[in-house]
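Heads up, the thing below is written out as structure tokens.
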Amino acid sequence: MKPSPSKSADVGESVRMDKWLWAARLYKTRTLATQACKAGHVKIQGAAVKPSRMLRVGETLQARCGFLLREVRVRALLERRVSAKELPTYLEEISVPEDLRPAARQQMTPPVSLRPRGSGRPTKRDRRQLDALDWG
């Protein structure tokens, strides 16, 4: 039996952001969804959101998933993970389809070598600089 958006109304009028991101399969684990929110990779109307922010039906959010920037509109609320086939019931993908293709992903990969070969193990400062780079 297919779940309908009205069934998800049992969840209430809102659900936690990190829980919905995980249930809608934008992030593999809820911990990754929480970390993405804390890092500012999830935004609503251009403003970064906290993992505990309550999400409502009809809101549009942008989530950076790896090298991809996905923009989705919430159609229904979720608290539990659903199969990939049922996702169109709960979210509407607004992102440009070309951005989600494997060829586009390969173009977005970072350069293979950021440090000269043979320069040794990166220092703490080097690691911080690498972490601070924004690949998107």
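For residue 53, the shell of other residues with beta-carbons less than 12 Å away shows a net charge of +4, using +1 for Lys and Arg and -1 for Asp and Glu. This ranking places 72, 96, 82 by how few other beta-carbon atoms lie within 10 Å of each, fewest first, which gives 96, 82, 72.
Measuring r between the beta carbons of residue 93 and residue 133 and using R0 = 25 Å, the FRET efficiency lands at 0.35.
Working note: Karplus 6.51/-1.76/1.60 with θ = phi - 60° gives segment 15-20 the couplings 9, 4, 4, 5, 5, 5 Hz, where Gly and Pro are set to x. The ranking of 18, 126, 131 from fewest to most other beta carbons within 10 Å of each one's beta carbon is 131, 126, 18. For a test of the definition: using alpha carbon positions, the gyration tensor, and the 1.5 limit on a/c, classify segment 7-99 as rounded, prolate or oblate. Rounded, since a/c falls under 1.5.
Here the spin labels are modelled as points 7 Å beyond Cα on the Cα-Cβ line, and at residue 125 and residue 38 they lie 2.7 nm apart. Sequence-ordered 3J(HN,Hα) estimates for segment 120-126 from the Karplus curve with 6.51, -1.76 and 1.60 and θ = phi - 60° stand at x, 6, x, 6, 4, 5, 4 Hz, glycine and proline given as x.
Note on 75, 81: ascending count of other Cβ atoms within 10 Å places them as 81, 75, the fewest first. Mind giving me the nanometre distance, one decimal, between the label points for residue 79 and residue 50, set 7 Å out from Cα along Cα→Cβ? Distance between label points: 2.1 nm.
Values quoted throughout were computed directly from the atomic coordinates according to the rules given, and no laboratory measurement underlies them. None of the values given here were measured: they were computed from a predicted structure. Cβ atoms come from the backbone with ideal geometry, glycine included; neighbour counts cover every protein chain shown.
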